[in-house]
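Trainee: Here you go, one structure.
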Amino acid sequence: MRPDPVPLDDTDRRIVNALQGGFPISDEPYREVAAGLGLSEAELLDRLDRLLKARVLTRFGPMFQIERLGGAFVLAAMKVPEADFERVAEQVNSLPEVAHNYRREHAFNMWFVLATEKPGGIDAAVARIEALTGLPVFPFPKEREYFVEMKLHA
C-alpha cells in the first residue's frame, strides 16, 4: 500500500530543486541557502524537517567516497526466510555499518550496503551479521565505479 502523496507548495519545490547539488561549505550553509531562496534559515530548516518526516525526502546529507577517506563499502545480500524477515531486518539495521537496506522479490530478498572506516571492517561486519542472524551474508564488492548524477526536478 502506497502512502498518500504529500502536497508540495512552490517553496518546497524550490528547496528540493536547490538542494540537489552545490551545497555551500561555509560557517552558515543553511543561512546561505535560505537567503538565496528568499527564506529565513529557520523556515528552511523547518521545511526540511517536515519533508524528511513526511518521507518526501528520505535523506539529506553529503555523499562521500569512503575509499578516499581510507574506508570501504560493499553491497551485500541475504536469503532470508519470509517468516524471519522482519526480525533479521531489525538485526541487520541495528549495526552502524549498515547504510541502506532494501527488500527485493528474489531468492536474495534482502540487500544492504555496508560502509566501514577501514577496509578490514567489512569482513568483521559480515561476520557479526552472520553471528547475529544465523544466516550467511553474500558480499558483492564493486568491480567498477560509475558516476551517475541524478537530479529530479520537483
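Bear in mind these aren't lab numbers, they're just calculated from the coordinates by the rules spelled out. Computed from a predicted structure; not experimentally measured. Quick reminder, even Gly has a Cβ in these numbers, built from the backbone with ideal geometry, and neighbours come from all protein chains shown.
Trainee: Put +1 on the Cβ of every Lys and Arg and -1 on every Asp and Glu Cβ in the stretch 10-53; which of Ala34, Ile15, Leu44 then has its Cα farthest towards the positive end of the dipole?
Mentor: Comparing the listed Cα positions along the dipole, Ile15 ranks first.
Trainee: Over the stretch 66-140, what number does the Rg to Rh ratio reach, with both radii from the alpha-carbon atoms and Rh per Kirkwood? Mind showing how you got there, number by number?
Mentor: Details: Rg = 11.9 Å, Rh = 12.3 Å.
My calculation of the ratio gives 0.97.
Trainee: Using Cα pairs closer than 8 Å and at least 6 residues apart in sequence, work out the relative contact order for the stretch 1-84, in percent.
Mentor: 17
Trainee: Still on this structure, I have one more. Where nothing but the Cβ of Lys and Arg (+1) and of Asp and Glu (-1) is charged, how large is the charge dipole of the stretch 10-53 around its Cα centre, in debye to the nearest 20? Write down the numbers at each step before the final one.
Mentor: On the way: 6 positive and 9 negative charges, 47 e Å.
For the stretch 10-53, the charge dipole is close to 220 debye.
Trainee: How about the stretch 22-94: which trypsin sites (Lys or Arg not before Pro) there lie in a loop by DSSP and see at most 11 other Cβ atoms within 10 Å?
Mentor: Arg55, Arg59
Trainee: Something else: Where Rh is the Kirkwood radius over the Cα pairs of the stretch 10-53, the temperature 4 °C and the viscosity 1.567 mPa s, what D in µm²/s does Stokes-Einstein return?
Mentor: After rounding, the answer is 124 µm²/s.
Trainee: Here's a follow-up. State the percent of C-alpha pairs, over all pairs in the stretch 102-141, separated by a distance greater than 14 angstrom.
Mentor: Summing the P(r) tail past 14 Å for the stretch 102-141 gives 52 percent.
Trainee: Would you list, by chain and number, the lysines whose Cα falls below 29 Å from the Cα of Lys151, excluding same-chain residues fewer than 8 positions away?
Mentor: Lys53, Lys142
Trainee: Please return the longest stretch of the chain lacking exposed loop sites, where chymotrypsin sites (Phe, Trp or Tyr not before Pro) count only if DSSP places them in a loop and at most 13 other Cβ atoms lie within 10 Å.
Mentor: Answer - 1-59.
Trainee: For Leu75 and Asp123 in the same chain, what is the full-extension length gain: residue separation times 0.36 nm, less their Cα-Cα distance, in nm?
Mentor: That works out to 16.0 nm of additional length.
Trainee: Expressed as a fraction of 2.2 N^0.38 Å, the rule-of-thumb size for a compact globular protein of N residues, what is the C-alpha radius of gyration of the chain?
Mentor: Cα Rg divided by the expected 2.2 N^0.38 Å: 1.27.
Trainee: Normalised by the empirical 2.2 N^0.38 Å for globular proteins, what value does the Cα Rg of the stretch 11-84 take?
Mentor: Dividing the Cα Rg of the stretch 11-84 by 2.2 N^0.38 Å gives 1.52.
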